[in-house]
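First the structure, in the form of structure tokens, and then the observations on it.
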Amino acid sequence: MKYFSPLILLTFSNVFMTFAWYGHLKNFKTSPLWIAILVSWGIAFFEYCLQVPANRMGSSVLTLSQLKISQEIITMLVFAAFSVFYMKVPITRNYLYASMCLLAAAFFLFRD
């Protein structure tokens, strides 16, 4: 459970982060920039409310490098789902290759 909780929090954190960073491209594309910024900041608040405790919990069971690569893999998975289901943008072969590189990085960081 001590490994699982930080990863769950990081997953939910990444959902908020992805919407904060990219959601405005769909919903606020024609709105003034300041509105998109304020909405994104509002969403990012909830991202940080999950991400900070996730990193604190995770740092007690993972090395800093392991925690970071775990977060990056979660980001790629969340972003892939966001792209396909929310933005209606297909995943490319190059995206899959980049994801495999992250998995290889995780292999080397976690193999000890």
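No value in this document is a laboratory result; all are computed from the given coordinates. This is a predicted model, so every value here is computed, not measured. Neighbour counts are summed over all protein chains in view; Cβ atoms, including those assigned to glycine, are modelled from backbone coordinates with ideal geometry.
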### Query
When the Karplus curve 6.51 cos²θ - 1.76 cosθ + 1.60 is applied with θ = phi - 60°, which whole-Hz ³J(HN,Hα) does each residue of region 92-97 get, with x for Gly and Pro?
8, 4, 5, 5, 5, 5
### Task
May I ask you to evaluate 6.51 cos²θ - 1.76 cosθ + 1.60, the Karplus curve with θ = phi - 60°, for each residue of region 34-49 and list the ³J(HN,Hα) values in order in whole Hz, giving x for glycine and proline?
5, 5, 4, 5, 5, 5, 5, 4, x, 5, 5, 4, 5, 4, 5, 5
### Message
As I understand it, the value is the acute angle between the Cα axis of helix 4-18 and the longest principal axis of the Cα atoms of the chain; what does it come to in degrees, rounded to 10?
### Response
20 degrees
### Query
So which trypsin sites (Lys or Arg not before Pro) in region 58-112 are both in a DSSP loop and have at most 13 other Cβ atoms within 10 Å of their Cβ?
K88, R111
### Query
Of V52, V78, V15, which has the largest mean-square fluctuation in a 10 Å C-alpha GNM of the chain?
V52
### Length added when fully stretched, T92-N27, from 0.36 nm per residue minus Cα-Cα
21.1 nm
### Task
Report, in degrees rounded to the nearest 10, the 0 to 90 angle that the Cα long axis of helix 64-81 makes with the longest principal axis of the chain.
40 degrees
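Which of rounded, prolate or oblate describes region 66-107 when judged by the alpha-carbon gyration tensor and an a/c cut-off of 1.5? Numbers along the way, then the final one.
On the way: a/c = 4.78, a/b = 1.65, b/c = 2.89.
In terms of gyration-tensor shape, oblate.
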### Task
Starting from the Cα of K29, draw a straight line to each of the lysines and keep only those under 24 Å, dropping any in the same chain fewer than 8 residues away.
K88
### Query
Based on the alpha-carbon gyration tensor of the chain and its eigenvalue square roots a ≥ b ≥ c, which shape applies: rounded if a/c is under 1.5, prolate if not and a/b is larger than b/c, or oblate?
oblate
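Counting Lys and Arg as +1 and Asp and Glu as -1, what is the net charge of the other residues whose Cβ lies under 12 Å from the Cβ of Q66? Let's see the in-between values first.
Values: positive: K68, R111; negative: E72, D112.
Counting the neighbours of Q66, the net charge comes to 0.
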